[in-house]
Every structure is written in structure tokens, then in C-alpha cells.
Amino acid sequence: MIDAGAELEDRTKLALTAMRKILRTTEQNGKHVMRETGLTPSQLIFMQMLDDEREQTAGHIAARMGITQATTTSLLQKLEGLGMIQRRKGESDRRQVWLSLTDAGRKVLAISPDGVHARFHEQFTALEDWEQAMLIAALERVAAMLGNHDKEVAAVLDSTAVLSSD
């Protein structure tokens, strides 16, 4: 006879183990990116967004990354302080600020590892639409089960952001 309680407990352990694997991979990725580039995954992704196109506004990058303006400002200040990006005032509208990578920023991007985001993106986009929808629904359900109903969470897997407010 199968013990239903033990089976549920085993499933709970399997689910928690899978979540821990995701967290551990994210943490290891953050440490690896930091060792290789001196940047957090969030900072690196911010720079990759700037590398996609020429000059962009901070608001445009914030929208693409799914982060708040405050987080964007913090990332911008840190990256500018490191000499990775530069700002330029708009010519027609002086209130508008355009961002671009510096030569140093381009060099760091050239040596940066692909990381968890790139691997996930590549494999996730290869899935069928129904598989993508199923995974999104399951992950959103897990977040809700853990009590996280925050709509302002960024689509960036960066465990260091919690500690350093990037």
C-alpha cells in the first residue's frame, strides 16, 4: 500500500530541490559573471541592451529589462562610474539623456560569458508555444504560492541585486 502522505512529501521535496537548483545556478552565474567582468548580471544585461542598438534612453532600457526607474538610475550611476557607459544630453530636448557604451564597455562585453539568461532564452524560445505558456503559468503559480505577488519584479536573474540594490 502506498502512503499518500509520504508521496506528497516526496513531491514537495522534489519541487523544493528544483527551486534550489534554480537559485544555486543563479547564484553561481552571478559569481562567475562578477569574476570574469567585475559586473553583476544586471549590469551586464543593461550593457547588452545598450549594445543592441546605438544610443538609447534610460527609460527605453528600463522598459526592455522590466525594471523600475530607480533601479535603472542605480545601474546607470554604477556603470558610468566604472567608465562602461556615457551620457549625452539630447540636442532638441535637453531634458532627454542618451546613453551609449564606451570603448571600455564594449571590451568588457566582448569578454563576458553568456550566462544563465542567454542559455535560458535560447532553450525557452526553442519550446513550443504551449510549453512556454505552461512553464510561465507554473512559475507564476510557484511565486504566488511563496507569497510573492509583486508585479514590479524584473526579468533579470540576479541574486546579487537583492544584496546590492542593483
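Structural remarks
- Residue 99 under 21 Å from residue 113 (Cα atoms), surrounded by 17 or more Cβ atoms within 10 Å (Cβ to Cβ) and either more than 16 Å from the chain's Cα centre (by Cα) or not hydroxyl-bearing (Ser, Thr, Tyr) (or both): no
- Which listed residue, of 79, 39, is touching a residue at least 60 places away in the same chain (Cβ under 8 Å) and crowded, with 16+ Cβ neighbours inside 10 Å: 39
- Hits in the stretch 108-138 (condition: at pLDDT 90 or above and surrounded by 12 or more Cβ atoms within 10 Å (Cβ to Cβ)): 124, 127, 132, 134, 135
- Single unsatisfied condition, residue 90 versus (1) modelled with pLDDT under 85; (2) touching a Lys or Arg at 6+ places or on another chain (Cβ under 6 Å): (2)
- Tabulated pairs, the stretch 100-121, first among the charged types (D, E, K, R), second exposed (fewer than 14 other Cβ atoms within 10 Å of the Cβ), C-beta under 7 angstrom, 6+ apart or interchain: none
- Check on residue 17, surrounded by 12 or more Cβ atoms within 10 Å (Cβ to Cβ), at pLDDT 85 or above and part of a helix (DSSP H, G or I): no
The values are calculated or read from the model by the stated rules, or taken from the named source; none is laboratory data. Note that the structure is predicted; figures quoted are calculated from it, not measured. Don't worry about glycine lacking a Cβ; one is built from the backbone with ideal geometry, like all the others, and counts go over all protein chains shown.
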